[in-house]
Amino acid sequence: MPGDLLHPADERALKLTKAFRDYDLDTIAATLGVQALSRPLAQVHSNLKQVFTRAQTDEIDLLQPPANFHTWLAGPLSTPNRGPGPLKINTLTARVVTLRVLYDALITEGVLTTNPMTGYPNPGSEHASDPIPDREDIEQLLKTAKASSPELFAALTLIDEHAFQVKELLSLKWSRYEPTTGELLRARTVTRLSDTAQRALEPLLKEAGGPLYATEKALPIFPMTAEDLRAQLWKACKVAEIPHIPLSALRRASLRDHPARMAASGFSNDQAYRRALRLAGKVVEKHRRDDP
C-alpha cells in the first residue's frame, strides 16, 4: 500500500541495518560503495573480515556495541587473515582506519549518530628510518631503567604495556588513577592497567604521598617534561648498551607485542544506533508479517 512505502534513504538505511544484523560485510560494503569507503571493496572485506567473523561468533552487535567494545575489538583487529601473527603495524592501522571510515559512512547515511570508534587509538605507521626495536632490547632497557630511576621505569612501562603517547602520558594525574582496581582514565577511555604497569606505579604513588594525598592534590604522575623524558631514555639506552629507542618506536613495539592492550575499557556509546533502531523497528515488523 502507498502508506507503507519508505523514502529511498530510509530503505537504504534499513538495508544496511539488516546487513549488520546478518553480519553481511559484502552487502554493507557494496551498499556504501567505493567512494564513501575511500578504498576498493575487496580491501574493505580483507580489512574487516576478522571483525565481522568474530562479532558473529561472539554475538556482538556492531551497530550498538557493548561498553567493552574497544577492549573486545583489539582481538579481531589483531588476528591475521592467513598465517601466524603478529600483524604489521601498517596492516593494523589500515584495519582501524577502515572500520572508522565505515562508521563515518553510516553516520552520513543516517544509520548512526555517533562513531563507535571514537577514542580508539590509532596504531601509527612503520618507518624504515625508525625501525621497531627488538623485544630483547626493550627488556634490557626496562631492566636498566628499573635499576636507575623508578619514574623513568614507570613511564617506559606504561608506554610499552599500553601504547601511551608522550603528551598523554605526561598529562596524567593521580586523580585519574584508581589503585584498588588499576583503572586509569586516559583521553576518552578508561584502561585497566596490566599488573606490570600497576607495580611500576606503586613506588611513585608512595613517593607522591599515597593514594589519598596524591588524588586530593591532583598531582601529576610524571612531573617531568618531554625533553627530560627523552634525555633520560637516551642515557638509559647508552647504559644498557643498546641502540637508541625513540619513544615513538617504543609505542609501536607495544602495539606489535601487546595488541590486545591498546584498547581501553569502559567506553560507552550512548547515542549510537538510536535512529537505526527506530528504522529497524519498521522493517523487522514487516519481515515478520512477510515470513511464511
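Does region 12-58 classify as rounded, prolate or oblate by the C-alpha gyration tensor (a ≥ b ≥ c root eigenvalues; a/c under 1.5 gives rounded; else a/b over b/c gives prolate, otherwise oblate)?
Here region 12-58 falls in the oblate category.
Within 14 Å, Cβ to Cβ, of residue 206, how many net charges do the neighbouring residues add up to if Lys/Arg are +1 and Asp/Glu are -1?
-2
Based on the Cβ-Cβ distance from residue 31 to residue 224, what FRET efficiency comes out when R0 is 51 Å, to the nearest 0.05?
Plugging the Cβ-Cβ distance into 1/(1 + (r/R0)^6) gives 0.50.
What is the local net charge at residue 139, summed over the other residues whose Cβ is closer than 15 Å to its Cβ (Lys, Arg +1; Asp, Glu -1)?
Taking every Cβ under 15 Å from that of residue 139, the sum is -3.
Which entries of 143/217; 167/238; 49/167 show an alpha-carbon separation above 27 angstrom in the structure shown?
143/217; 49/167
Which net charge results when you count Lys and Arg as +1 and Asp and Glu as -1 among the other residues whose beta-carbon is under 12 Å from that of residue 66?
Here the count lands on -3.
Please turn the phi angles of region 34-47 into ³J(HN,Hα) values with the Karplus equation 6.51 cos²θ - 1.76 cosθ + 1.60 (θ = phi - 60°), one per residue in order, whole Hz, x for glycine and proline.
Working through the residues one at a time gives 4, 5, 5, 8, 6, 6, x, 5, 4, 5, 4, 4, 5, 5 Hz.
How much length would be gained if the chain were fully extended between residue 59 and residue 217, taking 0.36 nm per residue of separation minus their Cα-Cα distance, in nm to one decimal?
The residue 59-residue 217 span can extend by a further 52.5 nm.
Leaving out ligands, DNA and RNA, and with a 1.4 Å probe, what % of the accessible surface on region 204-248 is carbon or sulfur?
59 percent
How much length is gained if the chain between residue 42 and residue 104 is pulled fully straight, taking 0.36 nm per residue apart and subtracting their Cα-Cα distance, in nm to one decimal?
Roughly 20.4 nm would be gained on extension.
Taking H as built 1.01 Å from N, whose amide H comes closer than 5 Å to the amide H of residue 219, not counting residues under 5 places away?
Excluding prolines and chain starts, which carry no amide H, the hits are 174, 175.
The values are calculated or read from the model by the stated rules, or taken from the named source; none is laboratory data. All values derive from a computational prediction rather than experimental measurement. Here the Cβ is made from the backbone with ideal geometry for all residues, glycine too, and neighbour counts use every protein chain on show. Please note that ligands, DNA and RNA were not included when accessible areas were found on the heavy atoms of the full protein model with its side chains. Shrake-Rupley method; radii C 1.70, N 1.55, O 1.52, S 1.80 Å.
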